[in-house]
Every structure is written in structure tokens, then in C-alpha cells.
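Some notes on the structure that comes next.
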Amino acid sequence: MAENNEATTLPPREPGKFLVGNVDFEPTIPVLLELRRKHGDLVTLNIFGQKVIVVCGHQTLTEVLERKADFTVEHPVVFGYTEYFESSGLLGAFGQVWKKQRKFVINTFRKIDSGSASQESRVADVVVDFLKDVDLANGCPIDIIKLIKTNHYNIVSSLLFGEKFKPGDETLSRLVELVDEATYIVPDQAILSMFEWLKYLPGDRFKVKRQRHLVDEILKIVQQFVDEHKENAHEKDSIDFIYCFMQEQERMREARENMEGFNDRDMLLMGYGLLFGGVSVVQALSWSFLYLVNHPDVVCNMQTEIDNTIGKSRSPTWKDKPSLPYCQAVLYEILRISSAIPVAPTHVLTENIQINGYTLPKGAWVLLGLCTVNWDSSIFPEPEKFNPGRFINDSGQLFGFEKVYASYSLGPRSCAAQALAEIEMFLFITSVVQKYNIANEPGKPMPSLEGTYKGAHIPNPYNVCLKQRL
């Protein structure tokens, strides 16, 4: 039961502007670190009258996400969820509907892993395609971020539709473009959650019409595969999300259960959510190659470990992970220093709660500053330095990685596809490092490690040269 203390002592407030408060707040890594330095682990913002509590630090985040999880499981009613998703699907659902859908997603991942085509095998299959694309470049500069996106969404397509797209498929290229643009529009519409009437301003100032078009186009692609599944259900010999969703619908109908959250529209929106949810993996992989091209000594150490453990004749597998502690340390350090998702998706308090002597009021929005742990000098000395060795002890074993807050977050709304994300990142990076040297584009300055905030901490565009090792 939530605390009912009458005290209403809010955490320290960050000064804001008259009437609008902290409307210009942007949750970048430097801003969040500075807020914590000034105010501590809990900070109160006021954005047009809406109280927003920023939560920082390992201990306080753990308290909110785990011990107070019952009161922070919901997300606020924000514009995008209601405008485009009718508060349904993985991105928009609330309460029991969301819990049922999340349980279905987790169970479906398990079901896929129990079949002939596991998550790992589907990732490995696409990694082969990725390496073929690299070979075609023959050591010439590659737009690595574009290549990552194309192959990542092919993995999602395999899980969602039961099949991957062929190289150069126009539908896949279109899907990547649509999801990419839709992702970057989201931060621009944050203010509409408080002032929805602004969407009626002339000229589509907040890109509402454009976003609706993008969402509709993505859902049309998903619908095509749903229609194919319905036509060929009796011939289906693989396990995928659409097929499993249709099976669940049939089970619920036969049991005369409430179908809320599992109608055909929900099937489309769940597909959209799985596509949209891959943004954090794309950014993590994009940062990975950027840090590796900037640190050739780290790549050399990874190659030595892979050569001594696996050799060059076979590709890395997920089972090799325990035998590659240095490679794991590199991936954890990339997740830590890049903090691709500086804050987890916004939560809302369903009751007053007491933390650190303060009252966090019911209805307040909660921003979870994951990056404040990753950049905490008391946990990770000299956090601004890229140092995979911080996760290797004197015996050469991995340690301390459990305190890294990846973009998958914690608590009941943590990423349902965390295992897939970890497999994907491990297999892509180790497979590339095993086979190629990673070099900067000739004649160009080393790409900057400074990023840009667009709803996520993303690296600026860059090219790399991947040259086959001798």
C-alpha cells in the first residue's frame, strides 16, 4: 500500500521560466548530469504545470523501479499513444491490457526459441547477409548506420512475419525509412501531450499529419503480412509473432475470454511496437562501430581473444559469450559510455510515494535518468574515458557490468526483447571484429564521438572501412 504521509515535500526544484516552467528541458547526458550535481538524485521540474520528477543514481533508480514498481508501472497519457495508437498496442496500452500483451510477447519469444528457428539462429542468418554486404564494399567506405538499420529490421521481420526480406527488397528499404522518420518526429510532439489544440495550427507545424501518414504506411506493410498469414495459415510451418497472435485469438474465442487487447487492430499495433522498439539496438550498434574505429587497440585486443578462443574458421555463437570476457567488457563499456537512451520511457505515479525523505505526488511524471548511473564517477572512475578494462579483474574475468544501465531499463516496463537485443549486439560485433579490421575513411578526420539528441542519443553520420583480415 502506498504511503499516505500528509507531508508534500517535493524534491528540489530546477528554476524555470514564468508560466512555462522548464519547457526547454531536454534530457541529454550533460543536462541530466548537471541536474544531479546541483540537486541530488531527485529533481522536480514543472512543464506547463505538469510536475515531472527526474530520478538519478543507482540506489534511487532501483528504489523507484523495483521496490516502488507497483506505483510506477503505468505510462502517462501522451499525445502519440492516443492520437495514433488509440491507447493500444505495446506502445499505447495501459493496465491489465498492457500486462496481457507484454506476457504474450515474452511467451512468444520463448516459443520461438523452442522451435527450429530460434532468436539466435535468426540473428545469425541476418549476420551472414550483413557480412556479404560488407564484402561487396571490398574495403571501401560504408555508411555503417544505414547497413545496421537495414539488417536489424530484417531480424525483426523474421520474428514478426516469419520470413526475412531478400537483399535489396524495396519493402524493407521503405520500412526502414518509415520507422526512422517516425522515430525522430516523436520528440517534436512532446508539447502536444499538454496542449493538444496546437495540432490544429496551420502548416502541420508539429508534423501530426506527417506522423499519421508514416504510422499508417507502416501498418499497411504489417497488414499485408497479416493477410498472407490468414490466407496460408494451414500451410504455416514456422513460428512468428503474427502466427502466434492468431493462435492466441483463436484460443481466446474458444474459451470465450475478453478479447480486449487482442483484436486485429491490436495485432497491427503490436507489430508496429516491435519495429519501433528496435531503435535502442540500432543506436547501440551504431555507437559500437564509432567507438571501435576510434580505438583500434581495443579492436586488436578483441581479435586476439577471438582468435585464441574461437579461431578464424567458424563464426561466433551465443555459447561463446562466457569464453570472451574482454569482448563482453567492450560491449558493456559501449553501452555505458554511449547511453544511447539517456532516460527510460516516461512513467506516471499512481499513488503518492516517499523516497529519500521526499514525497513524489500521484500524477507526477517520472523520468528515469539511466545515464546518471553510467556516468557516475563513484561507480565508474573517469566515466568520460572509454576503458573496457574497468570490467576486467586481475584474473581476466568479467566483473562490475551489472551496474551498467542499458537502454533496456529495469522494472516491470523493461524491454521485453532484452535477450534478443543482447544476442544481436554480441553476434554482430564479434562476427565483424573476427573477420575485418575497422578503419576510418581515408583522408577524413576521425569521426566525432559527440552525438545528437533526437529522442535518443545518436551518433552523427559516419563511414568506416571494413577490410578483411589476412
**Request:** Would you point out the residue of segment 169-207, among those that are among the small types (G, A, S) and in a helix (DSSP H, G or I), that is surrounded by the fewest Cβ atoms within 10 Å (Cβ to Cβ)?
**Result:** S173
**Request:** May I ask you to list pairs of residues, at least six apart or on different chains, whose Cβ atoms are under 9 Å apart, with the first in segment 363-378 being over 14 Å from N46 (Cβ atoms) and without any contact (Cβ under 8 Å) to a residue 40 or more places away in the chain and the second being among the hydroxyl-bearing types (S, T, Y) and part of a loop (DSSP other than H, G, I, E, B)?
**Result:** N374/S339; N374/Y405
**Item:** Residues being exposed (fewer than 15 other Cβ atoms within 10 Å of the Cβ) and under 12 Å from D70 (Cα atoms) - total across segment 351-363
**Value:** 0
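Take E305 and tell me if it is touching a Cys at 6+ places or on another chain (Cβ under 7 Å) and either free of Cβ contacts under 8 Å to residues at least 12 places away in the same chain or farther than 29 Å from S158 by Cβ (or both).
Values: touching a Cys at 6+ places or on another chain (Cβ under 7 Å): yes; either free of Cβ contacts under 8 Å to residues at least 12 places away in the same chain or farther than 29 Å from S158 by Cβ (or both): yes.
For E305, the condition - touching a Cys at 6+ places or on another chain (Cβ under 7 Å) and either free of Cβ contacts under 8 Å to residues at least 12 places away in the same chain or farther than 29 Å from S158 by Cβ (or both) - is met.
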**Request:** Filter segment 36-60 down to the residues that are in a helix (DSSP H, G or I) and touching a residue at least 60 places away in the same chain (Cβ under 8 Å), then identify the one that is nearest to the chain's Cα centre (by Cα).
**Result:** H58
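What number of residues within segment 68-96 satisfy the criterion of being assigned to a loop (DSSP other than H, G, I, E, B), touching a Pro at 6+ places or on another chain (Cβ under 9 Å) and at pLDDT 70 or above?
Residues that pass the stated criteria total 2.
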**Message:** Checking the conditions here, which among V105, V128 is hydrophobic (A, V, I, L, M, F, W, C), buried (at least 18 other Cβ atoms within 10 Å of the Cβ) and either in a helix (DSSP H, G or I) or modelled with pLDDT of 85 or more (or both)?
**Reply:** V105
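Of these, D227, D188, D240, which one is of a type in the set (D, E), closer than 20 Å to L159 by Cα and in contact (Cβ under 8 Å) with a residue 12 or more places away in the chain? Talk me through it step by step, then tell me what you get.
Details: D227 fails: in contact (Cβ under 8 Å) with a residue 12 or more places away in the chain; D188 fails: closer than 20 Å to L159 by Cα.
None of the others qualify; the one that does is D240.
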**Message:** Being more than 24 Å from R37 (Cβ to Cβ) and either in contact (Cβ under 8 Å) with a residue 60 or more places away in the chain or surrounded by 21 or more Cβ atoms within 10 Å (Cβ to Cβ) (or both) is the requirement here; does T317 meet it?
**Reply:** yes
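The values are calculated or read from the model by the stated rules, or taken from the named source; none is laboratory data. What you are looking at is a predicted structure, and each value in this text was computed from that prediction instead of being measured. Reconstructed Cβ throughout: ideal geometry from the backbone, glycine too, with neighbour counts over all protein chains shown.
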